[in-house]
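Data block below; observations after.
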Amino acid sequence: MTLPARPLPVTVIGGYLGSGKTTLINRLLAQKGDRRLAVLVNDFGSLNIDAALIDTVSEKTITLTNGCVCCIVGDDLGAALGELSEASSVLDHVLLEASGVADGVRLGSQARTWPGFLLGQVITLVDVSRTRQLVCDKFVGRHVSRQLVAADLLLLTKTDLLSETDLGAFTTWLSDFSEIPAMDAQQLDVAWLLSADTGLPKTPTDIYELQLHPQLQSVTYTSLSPIPRSDFERWLRDISGLVVRAKGFVRFAESPGQRHLLQLVDDRISVTLQPEVGLATDSALVVIARYSGAIPDPFLPVRPPVLDD
C-alpha cells in the first residue's frame, strides 16, 4: 500500500434512512469546483442503489466524468481506503456515505486510524419531518439518537415540510442532543466543507462506545421482465406500514423502455421517471423492514428474493 504524500481528509455523511444523504453528495459533486473527490458508499443490502443514483457503476468502482471516483464499500472499509491510497496523488477529499443503519462513528474511527487519512467532520443529516418520531421508536430510537449525539455537524433536511413555528420547536428539541447549532442543509457552504483544513483533531473521548445496529432486515428483489403498473401500485398498498425504507428502479409493462425510481420512506412514496444513464435495464429494489418475511415479492413468479447477509 502506498501512503498518501499528505493526509487525505475524510468527511463522514450519515443520517437515518431517507434523510437525504445521496442528495447532499450529488450537490457536493456538482459544486466541488476543481477539487477531486472520492466517494465511498456503504449501502445497506446487496444492491447499491445510492451509487447508481450518483453515476454509472462497474463491479466496485465508478469513474465519474468530473475527475472524481466512487467506490462501493462492502464489509471492509480498510480495503477501500487501501485502494484509495494508490490514487491519493490525484485526490483532494474523501466523502464516506454511511448507510442509514450504519454506525457512522465506527466508520469514522476506522478512517481516522487508517494510515494516510485524516478524519474531518462527522455529519448527520436530520429529516425534520420524522426524526422526533424515530427517536421514540423502540426499534431504532437508540440508533437515531446516537447519530444525533455523535455528529460534529447537524444538517436539517426537508425543512419545507414544517411551518416556521414547528421548525423552531424542532430545533429547540434537537438542542437536547447536541450543543452544536443545526443548520439547514441548503445553506451549507460546500467550499468550506471540502476545504482541506476542516479536519477536526479527534481525541479518545470522541470515539463513542460501539452499539449493535437496530434489528432491521434487508431483502433485494430483481426482475428482467417489466411489471404492470397496477400490480406494482397494489404491492405498494400491501406493504403499507410494514416497510421502513424501499428504494430502487422499476420498469412498467406499459412503458418497458423506461425506468422509474421508487423512493419510499415510512408512508411517503414517490415514483418518478428516470433518464437512462447506461445502467442495466432490470427492475431492482431494496426493501428494509423489521421483518422481511412479511414483504411479498412484487415480481413473483419471475424470480425469488435474495436475502442479504
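Please treat every number below as a calculation from the coordinates, not as lab data. Everything numeric here is computed off the predicted structure, so don't read it as measured data. When we count neighbours, we look across all protein chains shown, and the Cβ atoms used for this are built from the backbone with ideal geometry, even at glycine.
Miscellaneous remarks
- Each of TRP114, TRP235, TRP192 was scored by other Cβ atoms within 10 Å of its Cβ. Arranged with the fewest first, they read TRP192, TRP235, TRP114.
- Other residues within the sphere of radius under 12 Å centred on the Cβ of ASP137, judged by their own Cβ, net out at +4 (K and R +1, D and E -1).
- Panel order for THR23, THR171, THR131, THR157, by other beta carbons found within 10 Å of each beta carbon, from fewest to most: THR23, THR171, THR157, THR131.
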